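First up is the structure itself, then whatever we jot down about it.
The values are calculated or read from the model by the stated rules, or taken from the named source; none is laboratory data. Owing to the predicted nature of the structure, the values given are computational and were not obtained by experimental measurement. Neighbour counts are summed over all protein chains in view; Cβ atoms, including those assigned to glycine, are modelled from backbone coordinates with ideal geometry. When the accessible area is computed, the model is the full protein with side chains, heavy atoms only, and any ligands, DNA or RNA have been set aside. Shrake-Rupley method; radii C 1.70, N 1.55, O 1.52, S 1.80 Å.
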Amino acid sequence: MSQYRGIDRHRFEPARLVLGLALTAVAVVVYVRARDEDGRLPVAVLVALVAGSLLLAGLVSLVTRSLRRAWQGNRDGEKREPADAG
């Protein structure tokens, strides 16, 4: 049982943090752009910003997964060999 009663412990996921921060930044850009005289942000730019945020979060998720696998292997006392590319 956890030493903290009533708190459900879970694993920290950096990709979720990065995605939240990136989408918050996109929302701020859209808001600031809407307040300007020019008006709205072009839809293509908005789609590119959101897609870029998702790709960044995916990259962070892959890095996190590979680091956790490496740390798990070190903790178990086994060495992981790099996979052959061909």
Could you check, for region 30-48, whether at least one of its residues is within 22 Å of GLU13 (Cα to Cα), out of contact with any helix residue (DSSP H, G or I) (no Cβ under 7 Å at 6 or more places or on another chain) and open to solvent by less than 80 Å² (accessible area, probe 1.4 Å)? no
Hits in region 43-74 - residues which are at pLDDT below 90 and within 18 Å of LEU23 (Cβ to Cβ): VAL43
Only one of (1) in contact (Cβ under 8 Å) with a residue 40 or more places away in the chain; (2) open to solvent by 60 Å² or more (accessible area, probe 1.4 Å) fails for SER61. Which number is that? (2)
Expected output for region 13-38 (first residue farther than 14 Å from LEU55 by Cα and outside any helix (DSSP H, G or I), partner open to solvent by less than 70 Å² (accessible area, probe 1.4 Å) and among the polar types (S, T, N, Q), Cβ below 9 Å, 6+ apart or cross-chain) is GLU13/SER61; GLU13/THR64
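Residue-wise test of (1) open to solvent by 60 Å² or more (accessible area, probe 1.4 Å); (2) basic (Lys, Arg); (3) at pLDDT 90 or above.
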site: ARG9; (1), (2), (3): yes, yes, no
site: PHE12; (1), (2), (3): yes, no, no
site: ALA25; (1), (2), (3): no, no, yes
site: VAL28; (1), (2), (3): yes, no, yes
